[in-house]
1. Exactly one of these conditions fails for Ile119: (1) under 15 Å from Pro85 (Cα atoms); (2) without any contact (Cβ under 8 Å) to a residue 24 or more places away in the chain; (3) touching a helix residue (DSSP H, G or I) at 6+ places or on another chain (Cβ under 7 Å). Give me its number.
2. Looking at the stretch 91-102, is at least one residue of a type in the set (Asp, Glu), within 30 Å of Leu26 (Cα to Cα) and surrounded by 11 or more Cβ atoms within 10 Å (Cβ to Cβ)?
3. Please determine whether any residue of the stretch 124-131 is under 22 Å from the mean Cα position of the chain (by Cα), surrounded by fewer than 11 Cβ atoms within 10 Å (Cβ to Cβ) and either under 25 Å from Gly23 (Cβ atoms) or free of Cβ contacts under 8 Å to residues at least 60 places away in the same chain (or both).
4. Can you tell me how many residues in the stretch 64-95 are outside any loop (DSSP other than H, G, I, E, B) and modelled with pLDDT of 85 or more?
5. For Ser38, indicate whether it is modelled with pLDDT of 70 or more and not β-branched (Val, Ile, Thr).
6. Kindly indicate the residue of the stretch 119-170 that is at pLDDT 85 or above and aromatic (Phe, Trp, Tyr) and also farthest from Pro89 (Cα to Cα) among those meeting that condition.
7. Any residue at all in the stretch 42-57 that is assigned by TED's automatic domain parsing to the domain that holds Ala25, at pLDDT 65 or above and not in a loop (DSSP other than H, G, I, E, B)?
8. Return the pair list, or none, for Cβ contacts closer than 6 Å from residues in the stretch 153-170 that are surrounded by 11 or more Cβ atoms within 10 Å (Cβ to Cβ) to residues that are part of a helix (DSSP H, G or I), at least 6 apart or on different chains.
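The values are calculated or read from the model by the stated rules, or taken from the named source; none is laboratory data. Fair warning: this is a prediction, and the values are worked out from it, not measured in the lab. Reconstructed Cβ throughout: ideal geometry from the backbone, glycine too, with neighbour counts over all protein chains shown.
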Amino acid sequence: LLDPATGQPVFHEIHRGRDLYHGPALADAPDVVGVKTSSYHVVTADWQGGDEIVVPLGGALHFASDQSGQHELAGILMAAGPDVPRGQPVTGANLVDMAATILYAMDEPIPASMDSRLIDGVFAADALLKRPAQFVDEEAMRTRQSSDVSYNADEEARLEEHLASLGYLD
């Protein structure tokens, strides 16, 4: 896919979904994943600008949708807390690894099939020895979740309303 104005590629990488995603939800993964160049914005179904799928960034286009789906693999990671060493640079962090790192920070188990790992250097070595990461299979996660979570009717209604406003529920 080339930009008709510049002739430059809109995506710098194209992958098959099965090459990027694994596990029991693979059937729900996209068939094709494009990694766009940084100067374009992938629009969503609520885009009011026309029939475009990808538009050049600039001006208000960056904020054209409240559900942008714009994620970059490179970013800034900052962490603080009693188990986080001060002033220690973290290298080799990956967006995918944020999930396991956040679950560990919250003292939650990490699904064993998750394509995520703890980011090296975020937590002090002695903290990891005292409290090793808990990797569990999905069945254990489902059992734990169903027994640990209870909402009253008002909380459940507010949660469903919030998820619907984010587009997760119809």
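1. Evaluating Ile119 over (1) under 15 Å from Pro85 (Cα atoms); (2) without any contact (Cβ under 8 Å) to a residue 24 or more places away in the chain; (3) touching a helix residue (DSSP H, G or I) at 6+ places or on another chain (Cβ under 7 Å) leaves (2) as the failure.
2. In the first step, residues of the stretch 91-102 are kept if they are of a type in the set (Asp, Glu); the result is 97.
In the following step, the residues that additionally are within 30 Å of Leu26 (Cα to Cα) were identified as 97.
Subsequent filtering for residues that are surrounded by 11 or more Cβ atoms within 10 Å (Cβ to Cβ) retains 97.
The answer is yes; a qualifying residue exists.
3. Filtering the stretch 124-131 down to residues under 22 Å from the mean Cα position of the chain (by Cα) leaves none.
Within the stretch 124-131, none of the residues are under 22 Å from the mean Cα position of the chain (by Cα), surrounded by fewer than 11 Cβ atoms within 10 Å (Cβ to Cβ) and either under 25 Å from Gly23 (Cβ atoms) or free of Cβ contacts under 8 Å to residues at least 60 places away in the same chain (or both).
4. Of the stretch 64-95, the ones outside any loop (DSSP other than H, G, I, E, B) are 95.
After this cut, where a residue has to be modelled with pLDDT of 85 or more as well, the list is none.
Counting residues in the stretch 64-95 that are outside any loop (DSSP other than H, G, I, E, B) and modelled with pLDDT of 85 or more gives 0.
5. Values: modelled with pLDDT of 70 or more: yes; not β-branched (Val, Ile, Thr): yes.
Yes, satisfied.
6. Initial filter on the stretch 119-170 (at pLDDT 85 or above): 119-137, 152-169.
If we keep only those that are aromatic (Phe, Trp, Tyr) as well, we get 123, 135, 168.
On the way: Phe123: 11, Phe135: 26, Tyr168: 36 Å.
Across the stretch 119-170, the extreme among qualifying residues is Tyr168.
7. Going through the stretch 42-57, the residues assigned by TED's automatic domain parsing to the domain that holds Ala25 turn out to be 42-57.
Retained after the next criterion (residues that are at pLDDT 65 or above): 42.
Checking which are not in a loop (DSSP other than H, G, I, E, B) leaves us with 42.
Looking for residues that are assigned by TED's automatic domain parsing to the domain that holds Ala25, at pLDDT 65 or above and not in a loop (DSSP other than H, G, I, E, B), one finds at least one in the stretch 42-57, hence yes.
8. So the pair list comes out as Leu169/Leu163.
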